[in-house]
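One structure is given here, and the rest of the page talks about it.
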Amino acid sequence: MVGGQHGRRGIGGFTYLGLLLAVILLGMALASVGVVWSTQIRREREAQLLFVGDQYRLAIARYVADGGRYPASLAAMLQDERFPQVHRQLRRLYVDPMTGSADWDLLPAGDGGIMGVASRSQEKPIKVANFPPADAAFEGAECYCSWQFVYAPRRGLHLRPPTPPATATPLN
């Protein structure tokens, strides 16, 4: 009878080791899923930052096109008071997707207005290449704070397509 009890204790030890190994493998699998999930969330926030930044850049461009000056604040683009009727270049103020706050780094223009915005996040971007032409300067950036969404007419950002050159009419 003593030998039988000893045999059951040995099987219990193998069961414990098997269970411990299963818990370790499950933990490793969950950790890798967490990393993939976290990376996917950051990629989505990056895409949102690119969209929101572009919205600000286009709103600033419309503001400048309408009045020749840069806006004094982001709120000035919600309801442009330079005109008697309601004039909006921006539907709402956006939150920075990387920081979760509306505290953007405002990039000053020469006339005292705002010529662009940038995130205050110091995180290193996942996306480092293949940006659209307006965002080509973002390639190889070390932090999201380097992604500066600026409207500068000399950079070639146009709101309207350029007008085609007038065709020459032949002389008779």
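At a probe size of 1.4 Å, how large is the accessible area of Arg120, to the nearest 10 Å²?
110 Å²
Points 7 angstrom from Cα along the Cβ direction at Leu20 and Arg91: gap in nanometres?
For the pair Leu20/Arg91, the computed spacing is 5.8 nm.
Specify the inter-centroid distance of the stretch 77-147 and the stretch 35-61, based on alpha-carbon positions, in whole Å.
Comparing the Cα centres of the stretch 77-147 and the stretch 35-61, I get a distance of 10 Å.
Heads up, I need the accessible area for Tyr151: 1.4 angstrom probe, whole protein in place, Å², nearest 10.
20 Å²
Treating only the Cβ of Lys, Arg, Asp and Glu as charged (+1, +1, -1, -1), what charge dipole size does the stretch 33-147 show about its Cα centre? Round to the nearest 20 debye. Present the calculation step by step, with values, prior to reporting the outcome.
On the way: 13 positive and 14 negative charges, 52 e Å.
Computed charge dipole of the stretch 33-147: roughly 260 debye.
With each pseudo-label sitting 7 Å past Cα toward Cβ, what's the Leu30-Asp54 distance in nm, one decimal?
Those two pseudo-labels are separated by 3.9 nm.
I want to check the label-to-label distance for Asp103 and Gln79. Put each point 7 Å from Cα in the C-beta direction and report it in nm to one decimal.
Taking the simple label geometry, Asp103 and Gln79 are separated by 2.7 nm.
Per Stokes-Einstein, at 4 °C and 1.567 mPa s, what whole-number D in µm² s⁻¹ belongs to the stretch 30-146, with the Kirkwood radius over Cα pairs as the hydrodynamic radius? Don't skip to the end; give the middle numbers.
Working: Rh = 15.5 Å.
The estimated diffusion coefficient comes to 83 µm²/s.
The values are calculated or read from the model by the stated rules, or taken from the named source; none is laboratory data. This is a predicted model, so every value here is computed, not measured. All Cβ positions, glycine included, derive from the backbone under ideal geometry; neighbour counts span all protein chains shown. For the accessible areas, the whole protein counts, side chains as well, though only heavy atoms, and no ligand, DNA or RNA atoms are used. Shrake-Rupley method; radii C 1.70, N 1.55, O 1.52, S 1.80 Å.
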